[in-house]
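The structure under discussion appears below in the form of structure tokens.
The values are calculated or read from the model by the stated rules, or taken from the named source; none is laboratory data. Everything quoted here is computed from the prediction, not taken from an experiment. Note that each Cβ is placed from the backbone with ideal geometry, even for glycine, and that neighbours are counted across all protein chains shown. Heavy atoms of the whole protein, side chains included, go into the accessibility calculation; ligands, DNA and RNA do not. Shrake-Rupley method; radii C 1.70, N 1.55, O 1.52, S 1.80 Å.
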Amino acid sequence: MNILLIEKEEAIIQILEAFFMKEKWNYDIATDGVIGTQMYSLNKNKYNLVLVDVELPSLDGVEVVKYIRNISLETPILVLAEKKFEEELISSLQQGADGYLARPFSPLLMVARIKALYRRINLERGKRVNLNIEQVICTKYLKIYPEKHKVIFNKQEINSLSPKEFAILTILASSPTQVFSRKKLLELVWGNEYFGDARTIDTHVKTLRQKLEKVGPHVIITVWGVGYKYDELNFDILL
């Protein structure tokens, strides 16, 4: 395991270093956002995981996540922050972070979270490698190319989706009109070992809808008290 830790507080760095060494993980440390992004861009194929503090000098954690996601959709990112920084945590998830740990957190929980995320990412990569042909998901008004991370909606390409938004849309569109609960979407997108709030799904669905509705009608439907579904009924009503 090669980890990039972007963290400003020396006390936290020392605690995490002790656990990294215990697990025999390799790690690099940056104490501000600019240095962290520079280190990542020079070694983007090196790191199996990036841990990012939300509060960073020079460049904050949200911008660091955005920068890394512009380079790679693959590298797992965990965000570290106190719960009072809820807005920043949500923004980090919207930019493509894979999860967060709210301070104060147990280092043992952090290690377990890293291992769970690493297992899931490697499993997903293994499944992609085993595909012989690209599986294109098609509905009447939507085409999704999973291997290319490409979405065509209402004959227009949507190229601004974050990895999590893309995954949610792919799941919903794969089974049109089927209702998926928040818990089920969390399991499918984040994995069974996700430790966050199920309402995280609501945030991602909201931004996904906003991006789709710039070029077409409302197709991500809320089923109150249950979850979400993909339904193109609004298209047919408008025709």
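With respect to the conditions (1) part of a strand (DSSP E or B); (2) open to solvent by 10 Å² or more (accessible area, probe 1.4 Å); (3) modelled with pLDDT of 85 or more, Q38 falls short on a single one, namely (1). Restricting attention to the stretch 44-82, the residues that are farther than 21 Å from L16 by Cα and open to solvent by 40 Å² or more (accessible area, probe 1.4 Å) add up to 11. When L185, L208 are screened for being part of a helix (DSSP H, G or I), touching a strand residue (DSSP E or B) at 6+ places or on another chain (Cβ under 8 Å) and either at pLDDT 90 or above or open to solvent by 40 Å² or more (accessible area, probe 1.4 Å) (or both), only L208 passes. Residue pairs whose Cβ atoms lie under 7 Å apart, sitting 6 or more positions apart in sequence or on different chains, and linking a residue in the stretch 88-111 that is closer than 19 Å to E63 by Cβ and at pLDDT below 80 to a partner that is not charged (D, E, K, R) and not in a helix (DSSP H, G or I), are L89/V54; L89/V79; L89/A81; L89/Y100.
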